[in-house]
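Here is the structure we will look at.
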Amino acid sequence: MYENLEAATVRNRMLKIPLVMDESKQCNKSNPQLGLDEACLEVISSATNPISLWAQSEECEMCDFIEVARIPANNTVPLLLTTTFPIDIYLKNNHSTYCYEKYKFEEHGIYAWDVTGDSCSGVRIIQNPDISYISIVVAFFIYLAAFLLWMTGKLIYSSDWLTQIRVRRSPFSELESDLGSPSSTDGPPLIRSEVARLRGRVKSLDVFRGISISLMIFVNYGGGHYWFFKHTPWNGLTVADLVFPWFLWIMGASMAISLRSYLRSCISRKRLFLRVLLRSVTLVALGVILNSSGNKKNSITNLRLPGVLQRIGLAYFVVASLETVFMKPQGSFEYGNWLVVQDLLESWVQWLIILALTITHILLTFMMPVPNCPTGYLGPGGLHNHSSSPNCTGGAAGYIDRMVFGERHIYQHPTCRPVYETVIPYDPEGLLGTLTSILLVYLGVQAGRIILCYHYTSSRIARWALWAFNVGLIAGILCDFTKNDGVVPVNKNLWSLSFVLGVASTAFLLQSFLYFIVDAKNWWSGSPFHYAGMNSIVLYIGHEVTKNLFPWSWQPYYRSHEEYLAMNLWGTTLWMLIAFVLYKKNVFVTV
């Protein structure tokens, strides 16, 4: 986290990480050479004896302070710091500690701290930091302008006067309309069954899926290297933590509608189960294959086995199998009183099984003994809790994965490592978190069942809003409405119960909003996210395979947030254009 670039000292660290990462860099106001998310702090000491500087990241919960520099008497020592999170610092002499400061350093800023042997002034700014977030605002308005131009063009193209011009230029249009348009001039037309299928879809679900997959691509490409477009180190929630859970929730909502349609078409449950099994195996296999693409030596000795598609495949298999066995082919619509609970009555058996799986997750998490670790430990290990459990990353969840897969076959670079300096691998898509993922998928099924059981828009939105409030309230109670406290903190790495319920709450709310403006009021066509939502599996696999290939990405020259943001947005936009072309070509790929 810190580098003393002149008076380098060796820290007594658990992990023996070198103090100086790049001695060639200069950290001073005459020649700063600051990189991405870096700032310079000049500690100007007028003390007659040497003092030491101790620091720790605010993000590192219950971590001991670390000695990062020893400052000679009457000397100035420049320090290179990362600016991702606020930093706590204090000074220490031979007798006491003093001058505690909590400060959020900003990128490319140069700061000074005047200290003596027993006192100090506040941190002051020598050179103003860059405003690194302005590029996000600029990008937003560029995309907004492009969207408005697109919508304006569509309105002009569909206007009455332009339609009349097109009719006058095409004297055979009425005859072609009566007899059927020839397929030789306009490309392959949609067949009737495809038209019916598209018209019968809940468009807002496709839009929601498109929003999720586009955000997922942007985040996986780097998200401009902004911290809030990255996964949180351990507890907490960022934009990046929402997209994959949203995708699971949407899968559940679509599943309820599609399985009911299959059962109504008189497909046998046995045949439907085999289809579910085949799709699940295909997803898991594709996930393992994609993991091998990131294995530079292509060695099976360290091939990662869990992953995103594997988690989707397992959760899909469990939930879809339940619905295949217990779902009624013919549900009942409710047109009147919105207080009825027809959607719950139709699925009480499935809910009992889902709740049993959730209770199993809770029991394993809090009661399973893990060697040399506290029972019920939910922390990241490493420096957490004063380094008392350094090899306990993820508690029971991490232990199960290490026992089942082996340490070499799970994710080697967990998000907690840079902050907590953990030493063992941990996989956020491990086995134990699959149980709460199943709950999340089934909450999506519940949203889809509401569409099947209730006719009126007001009834559907009212129920989605009620579910959002209830699961959100439970999530808040579990985490005590705080980041690190409560019985079950919000944690994407663990897929904790509070995290799953909290994300489900946002999904219910966002689906309510999208359904109202896309399906109910038709205020927005859903473009361009609708196109991406129709071919999400192609976009996910494609962006994973091509993420290090031109023209989706390239070696950045300036290595700034602006350059990374432009590159990552371009890569995402390119996939959105591909989705648009596939949609217009009537190409829809599923597994």
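Any idea which residue in segment 356-385 is farthest from VAL318 (Cα to Cα), counting only those that are in a helix (DSSP H, G or I) and hydroxyl-bearing (Ser, Thr, Tyr)? Checking each candidate, the answer is THR365.
Looking at TYR399, TYR411, which one is in a helix (DSSP H, G or I), out of contact with any helix residue (DSSP H, G or I) (no Cβ under 8 Å at 6 or more places or on another chain), of a type outside the set (A, V, I, L, M) and open to solvent by 40 Å² or more (accessible area, probe 1.4 Å)?
Just a single option satisfies the conditions, and that option is TYR399.
Kindly indicate whether any position in segment 379-394 is closer than 30 Å to ARG449 by Cα, open to solvent by less than 20 Å² (accessible area, probe 1.4 Å) and touching a Phe, Trp or Tyr at 6+ places or on another chain (Cβ under 6 Å). No, segment 379-394 contains no residue that is closer than 30 Å to ARG449 by Cα, open to solvent by less than 20 Å² (accessible area, probe 1.4 Å) and touching a Phe, Trp or Tyr at 6+ places or on another chain (Cβ under 6 Å).
Tell me which residues, restricted to segment 102-132, are part of a loop (DSSP other than H, G, I, E, B) and surrounded by 14 or more Cβ atoms within 10 Å (Cβ to Cβ).
In the first step, residues of segment 102-132 are kept if they are part of a loop (DSSP other than H, G, I, E, B); the result is 104-109, 116-119, 121-123, 128-132.
Answer for segment 102-132, where residues must be part of a loop (DSSP other than H, G, I, E, B) and surrounded by 14 or more Cβ atoms within 10 Å (Cβ to Cβ): PHE105, GLU106, GLU107, HIS108, GLY109, THR116, GLY117, VAL123, PRO129, ASP130, SER132.
Of the residues making up segment 252-285, those that are open to solvent by 30 Å² or more (accessible area, probe 1.4 Å), part of a helix (DSSP H, G or I) and hydrophobic (A, V, I, L, M, F, W, C) are ILE257, PHE273, LEU274, LEU277, LEU278, VAL281, VAL284, ALA285.
Every listed requirement among (1) part of a helix (DSSP H, G or I); (2) farther than 23 Å from PHE208 by Cα is met by SER553 save one, (1).
In summary, PRO489 fulfils each of the numbered conditions (1) loosely packed, with under 15 Cβ neighbours inside 10 Å; (2) in contact (Cβ under 8 Å) with a residue 40 or more places away in the chain with the single exception of condition (1).
All of (1) closer than 30 Å to ILE461 by Cβ; (2) in contact (Cβ under 8 Å) with a residue 24 or more places away in the chain; (3) assigned to a helix (DSSP H, G or I); (4) under 22 Å from the mean Cα position of the chain (by Cα) hold for PHE513 with one exception: (2). Restricting attention to segment 518-544, the residues that are open to solvent by 20 Å² or more (accessible area, probe 1.4 Å) and under 22 Å from TYR454 (Cβ atoms) total 5.
List, please: which pairs have Cβ atoms under 8 Å, are six or more places apart or on different chains, and start with a residue in segment 49-74 that is under 10 Å from LEU383 (Cα atoms) and touching a residue at least 40 places away in the same chain (Cβ under 8 Å) and end with one that is among the small types (Gly, Ala, Ser) and assigned to a loop (DSSP other than H, G, I, E, B)? Listed pairs, sorted by first residue: GLU61/GLY379.
Would you say VAL319 is part of a helix (DSSP H, G or I), hydrophobic (A, V, I, L, M, F, W, C), under 30 Å from SER458 (Cα atoms) and modelled with pLDDT of 95 or more? Taking the combined requirement at face value, the residue satisfies it.
For segment 545-579, residues that are touching a residue at least 24 places away in the same chain (Cβ under 8 Å), open to solvent by 60 Å² or more (accessible area, probe 1.4 Å) and over 25 Å from TRP227 (Cβ atoms) total 1. Taken over segment 516-540, the criterion of being acidic (Asp, Glu) and free of Cβ contacts under 8 Å to residues at least 40 places away in the same chain is satisfied by no residue. In segment 343-364, the residues that are under 16 Å from CYS453 (Cβ atoms) reach residues that are in a loop (DSSP other than H, G, I, E, B) and at pLDDT below 90 with C-beta atoms within less than 7 angstrom, at least six apart or across chains, in these pairs: GLU346/LYS328; GLU346/GLY331. Here ALA55 clears all of (1) within 28 Å of CYS416 (Cα to Cα); (2) outside any strand (DSSP E or B) except the condition numbered (2). For segment 426-473, give me each residue that is open to solvent by less than 10 Å² (accessible area, probe 1.4 Å) and in a loop (DSSP other than H, G, I, E, B). Passing the criteria: TYR426, ASP427, GLY430. Any residue that is under 22 Å from GLY35 (Cα atoms) and of a type in the set (Gly, Ala, Ser) - is there at least one of those in segment 69-88? Yes, segment 69-88 contains at least one residue that is under 22 Å from GLY35 (Cα atoms) and of a type in the set (Gly, Ala, Ser). Across segment 46-55, the number of residues qualifying as touching a strand residue (DSSP E or B) at 6+ places or on another chain (Cβ under 7 Å) and open to solvent by 10 Å² or more (accessible area, probe 1.4 Å) comes to 3. I'd like to check something: does segment 102-112 contain any residue that is more than 34 Å from the chain's Cα centre (by Cα) and either more than 26 Å from SER132 (Cα to Cα) or modelled with pLDDT of 85 or more (or both)? Yes. For segment 483-513, the set of residues classified as in contact with a Gly (Cβ under 9 Å, 6 or more places away or on another chain) and over 18 Å from LEU440 (Cβ atoms) consists of LYS483, ASN484, GLY486, listed by residue number. For segment 481-505, name all the residues that are over 13 Å from the mean Cα position of the chain (by Cα), modelled with pLDDT of 95 or more and not hydrophobic (A, V, I, L, M, F, W, C). Hits for segment 481-505 are PRO489, SER496, SER498, GLY502, SER505.
The values are calculated or read from the model by the stated rules, or taken from the named source; none is laboratory data. If you're wondering where the values come from, they're calculated on a predicted model, not measured in any experiment. So basically every Cβ, Gly included, is an ideal-geometry build from the backbone, and we count neighbours across all protein chains shown. SASA here: full protein model, heavy atoms, side chains in, ligands and nucleic acids out. Shrake-Rupley method; radii C 1.70, N 1.55, O 1.52, S 1.80 Å.
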